[in-house]
Each structure stands twice: as structure tokens, then as C-alpha cells.
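The values are calculated or read from the model by the stated rules, or taken from the named source; none is laboratory data. Values in this document were obtained by computation on a predicted structure and should not be read as measured data. Quick reminder, even Gly has a Cβ in these numbers, built from the backbone with ideal geometry, and neighbours come from all protein chains shown.
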Amino acid sequence: MVLKGKAVSRGVALGPVLRYAPFQPVLTKELLPAGGAEAALAAYRAARAAAQKELDGLERRLASADPEQAKIMAAHRDILLDPAMDEEITDLVNYDGVSPDAAADQVFRTYAGILRGSDNPLMRERAADLLDVLNRLLRCWAGAPERDLSRLDRPVIVVADDLYPSDTAAIDRKNVLGIITQTGGSTSHTAIIARGYGIPAILGVPNAMEALEDGQKVVLDGETGEIIADPSEAEEAAYRRKSERVAAALRDLDAFLDAEPVTRDGVRVQVRLNVAAAGERELSSAEHVDGCGLFRTEFLYLNREQLPGEEEQYLAYRKVLERFGDKPVILRTMDIGGDKQFPGSEELREDNPFLGLRGLRLSLERPELFRVQARAILRASVHGNMKVMMPMVGSLEEYRQAKAVFAGEMDALDREGIPWDRDLRLGIMIEVPSIALIADLAAQEVDFASVGTNDLTQYLCAADRVSPSVRAYYKEYHPAVFRTLAYLARAFRDAGRELSICGELGGDPLAIPALVGLGIRQLSMGAASVPAAKRVIRSLDLPAAERLAEEVLHQKTQEDVRACLERFASGLAGQEKEA
Ligand code: PEP
Ligand code: MG
């Protein structure tokens, strides 16, 4: 059987399927029948024993590979077996007739609430551990298998309806050979993370969860978007040949990692890094690039029960700044909402989240969160070369309001004698057409801007960037995208202000010649895109790139644009061969 989807992260993989669906507990609402307590408590003890067995196993497996995690598993076991909580659960079952799952939920949440109210940040963090243990206990009660992508015990190809940033942020990169999801497209966060981690991925495969079974062997081709289930020997052999070819091509490209991104006629293009989870692997690319063009700070807010406090944020920002030394780091304030939810955002569920309270809008509506972030950013700003930008800006009023929040925190820090960078620049992301269309005016007011082409395309085409049903309408090469970029580049050049691109288009080797031809000199991209981007830049001549850009601006359809870009790319490839 062959399935097809959108190849969003290069590479090929062969392995067994792991169907992933996060566990959602459904608590028993009814009280126990008279005399039912004893049997219910026996079932509760069995669930607890099963949870304990899982934790024992995890602790053993992690003992040498990750001793810190192993310690956490041991602490979780202590929580699970805590005699005080156990007594309260048992009392609720015996005396109030509450079903053990509902009783455990009530008791664990009460204790988690007490911890959350503590003044001690370490105690507050324990609340998340309590809820993690509760989830395990309730899953064992329901008899559902463990599904956690951060701790896998064997290599697998993950198949899911969708993966949330909270699933992918902590994904076990060693054991996830490939990713297949039913929803999502090339600019969804799953795609961005998969590319960042170098995991081959195919998204937008309808019915993947139904068609594939746990343990079934599949070949995933992240070049063509094809998934072959139960491959024949010949298909496996072809996979192995291709896998070697892809690995060799990636090795060739690696030669460009440290090359200077300068065109043949001497135009220097800045190649910067997009940073998401700020893990070691990502940050290790800092030395190969000209700075960080997008630090997606919202990853600090995901995959947790509690919002990050000022100190935690300060330390995270400082770590990234120090890693980049003198090189610029453009930190983006939290871009939550859309497909990125955060603790407490459940009550915010909207019918059209991408048109709702996301990005800067959420920050302005929740000033108590925004102020904490602004303070942490300002405190960190003295540790490197930082700039700050706001996502999802629709108007200059919003920019002004954000600036006022920063100004308020600057004053507060001054009163406390805490230093911050007096040269700090505040910029915006251009993602919403309403700000793009007044770019000439915006360029006079904001310190700099960076174009988020992922969202800009979504809003220009009015097509949800993660929905496979409108994938054909989300056109990353729509002539309107290039025309908007041409207008933006001109407006910012005339105002003498910096404009960069940090959406996926900025790291797309096919699009880069036209972007350079439009006058864009700053590109920011995921680590995996850096070598290919540098290679393309080094093969360019500016006049030829400018002619290409002009030609692209006169195309009528996405396919016409693509054809122009491909013709140009094959010309470059021919030129490289001759050289
Ligand atoms: C974008 O929209 O292009 C962008 C860079 O931001 P994100 O992908 O995080 O929404
Ligand atoms: Mg965006």
C-alpha cells in the first residue's frame, strides 16, 4: 500500500509505525453502587501498581543514558505512592462512594493547586510533576498504553493525526526516525521542528491513522512524500540505496556550512538562524551563522502546566544571547495562539484561532504575562546583542502599545537600579496584510522588521497553514507573496531600516535567488537549511538575480513563478557543473 502526503523535511526512513494519540482521561461521574467500594479500590491498586511498574522500568532504562530524568522518574514514584494522598483517595472511595479515578483526580489536583500557590518556585514546579503522575495513573486505570514521544525505548516512525508543539518540543530525536501526520503543511510547526531536528517528515496524509497499524513496517520518503507500507524486498533495497544517496548529498552540502554567504560579485547576504527550542543541538549552529534572526520564545510556554516566571525566562534568553556573543539575536515576544496553546489557554478556545487572539494581540490582552516577559527580556538584554520584535502585528497602534509596555518596564528597572541595554531596538514581524500595506509608514516608525512569510502567505491567501484540505490554496509561491515582498523591500530600503525574512521561504534554495534579487540581504532559517542557502548565495550574480526577481513579479500564477525559479536553479546547477 502506498500513501501520499506533503514531504516537508528531507531524508528517508524505514521502521515500525507508532500510532500516537495523547491520552485524554474521561473521569467516571457516577457514584459507586452500594458495596462497590472494595472492588473499585482493588482496581485502583492494580492501576497504581501498573503505573509503578512503568516508572520502575523508565528509571532503569534511563539510569545510564539520562541520570537526571531517571531521578525524576524516582520522584514520580514517590508521588504516586504518597501515603497521605493515598489515604485521602481511599476515604473518598470508602465514605463518599466516589469512583477512584475521580477521587484521584480531585486529590492530586488539590495538592497541585496548593503547590502552585507557593512562593517557592521549586515547589511551584512540583505541581506539574503531580499532574504528570496523575495522568499516568489515570491512563493505567483506563488500561491505555503509554504514549510519550519524549521517552521511547526503540526506533519508530511516529504516525499521528496532528502533533502539537508540546509533543514535538521534547521529542526523543534518537528514536524518532520519521514523522507522518494527517494534518499540517510545510510551514506548520511540526514541519519546522522536524526540519530543525533533521527528522524526515510527511504531513497532510489523510487517513494515515486508520491505514497504518502499530508495528507495521513502512518506508517514508521525505523527498517524494510517499509512504510504502509493508515494503517488498526490492522496495527495501531501493530505500537503502536512496538513503545512502541522500546521506551523501547532505554530506556534500555540509562543506558549505562554514562558507561565507557572499555572491560571486561580492554582495554579502546575512544568513541567520531560527531558534525554537534553544536546545544544545540547535545552538551548536550559532558559530556557522551571522546571528539569530528569530528566537521563538513561545516554546518556553508550551508543554507545561504552568507559565514560566521572570527568572526562568531571563536565564533562557541570557543563555541564547551568550551563545551568539556579539552577533545579533532577534528575540520574538511570545507568539501564542493559533496552533500554539499554553497553560491556561484552554478557556480561550476560539473557532478561528489563526484569526483570533494570537501573537501580540494576546500579549496586549494579558498585560500581566507580557510585563513579565518584557522585564525578563530587558534584564537579559545586557548579555549580548539583542533586538526585540513582536509577532502578528496588524497596526501601528498595537506596536505603540507594546512599546509603552516595554517603556513601563524600563522605568521600573531604572527605579530598581537594574541595568538594561539602552540601545535596544524594537521591531515588528510583518505577517498581516494590513501592516504590509502601510509598510512605507511602518518603516518610518519601527526600528526594523522581519517578514514571517509562513503567516503572511496564510493571510494573503486566506488559507489555514496547517489544514490539509486547503493545502492547494496555501501557495507559498503565489505572485502576491513576491509582490508584497518587493513592496516591503522597497519601503524599508527607502526608510533606511533593516528588513529580513524569517519565514520558511527565507531558507528555501529555490526562492533565495529571487529574494536577493528583490534587495533582501538578511535571511533567517532553521539550522538544516543553512548549508544549501549558503551554496545558492555563493553561486549568484546580483544582476542575474535582479532580472529573475523582475521576471517573477510579472508572473500570473504560482506555477508560473515556480517554473521561473526552477529554470533559474537549473541554470545555476549547470554553471556549478561546468566550474
Ligand atoms: C512566520 O509566520 O513566517 C514565522 C516565522 O513565524 P511562525 O512560523 O513561528 O508563525
Ligand atoms: Mg508567524
*Working carefully through the options L41, L62, find the one that is modelled with pLDDT of 90 or more and farther than 17 Å from P145 by Cα.*
L41
*asked:* Suppose we filter the stretch 238-266 for residues that are surrounded by fewer than 15 Cβ atoms within 10 Å (Cβ to Cβ) and of a type in the set (F, W, Y); how many remain?
replied: 0
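Filter the stretch 545-579 down to the residues that are among the β-branched types (V, I, T) and crowded, with 17+ Cβ neighbours inside 10 Å and list them by number.
V552, V561
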_If I filter the stretch 293-320 down to residues being at pLDDT 90 or above and within 16 Å of ligand 2 (Cβ to nearest atom), which single residue comes out as surrounded by the fewest Cβ atoms within 10 Å (Cβ to Cβ)?_
R296
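In the list A277, A255, A286, which residue meets the criterion of being away from ligand 2 (no atom under 16 Å from the Cβ) and at pLDDT below 90?
Being away from ligand 2 (no atom under 16 Å from the Cβ) and at pLDDT below 90 holds for just one of A277, A255, A286, which is A277.
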*M386 is checked against (1) among the hydrophobic types (A, V, I, L, M, F, W, C); (2) within 16 Å of ligand 1 (Cβ to nearest atom); (3) in contact (Cβ under 8 Å) with a residue 60 or more places away in the chain and fails just one. What number does that condition carry?*
(2)
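Per-residue answers, yes or no, for (1) in contact with a Gly (Cβ under 8 Å, 6 or more places away or on another chain); (2) at pLDDT 95 or above:
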position: L369; (1), (2): no, no
position: L378; (1), (2): no, yes
position: G384; (1), (2): yes, yes
position: A402; (1), (2): no, yes
position: R415; (1), (2): no, yes
position: W420; (1), (2): no, yes
position: R425; (1), (2): no, yes
position: L456; (1), (2): yes, yes
position: L460; (1), (2): no, yes
_Can you pull out every residue in the stretch 443-460 that is more than 13 Å from ligand 1 (Cβ to nearest atom) and either more than 17 Å from S500 (Cβ to Cβ) or in contact with a Ser or Thr (Cβ under 9 Å, 6 or more places away or on another chain) (or both)?_
Q444, E445, F448
_Pairs, first closer than 18 Å to V516 by Cβ in the stretch 568-579, second assigned to a helix (DSSP H, G or I), C-beta under 6 Å, six or more apart_ = F568/P513; F568/L548
_Take the residues in the stretch 462-472 that are buried (at least 17 other Cβ atoms within 10 Å of the Cβ) and within 16 Å of ligand 1 (Cβ to nearest atom); name whichever of them is modelled with the highest pLDDT._
A463
*asked:* Show the residue pairs meeting these rules: Cβ distance below 6 Å; 6+ apart or different chains; first residue within the stretch 532-545 and closer than 22 Å to D252 by Cα and of a type in the set (D, E, K, R); second residue at pLDDT 95 or above and surrounded by fewer than 16 Cβ atoms within 10 Å (Cβ to Cβ).
replied: K534/A259
*What tally of residues in the stretch 401-436 results from selecting those that are free of Cβ contacts under 8 Å to residues at least 12 places away in the same chain and either within 16 Å of ligand 1 (Cβ to nearest atom) or at negative phi (or both)?*
8
*Does E280 satisfy the condition of being free of Cβ contacts under 8 Å to residues at least 12 places away in the same chain and out of contact with any Cys (no Cβ under 6 Å at 6 or more places or on another chain)?*
yes
*Does the stretch 176-184 include one or more residues that are over 23 Å from R281 (Cβ atoms) and surrounded by 16 or more Cβ atoms within 10 Å (Cβ to Cβ)?*
yes
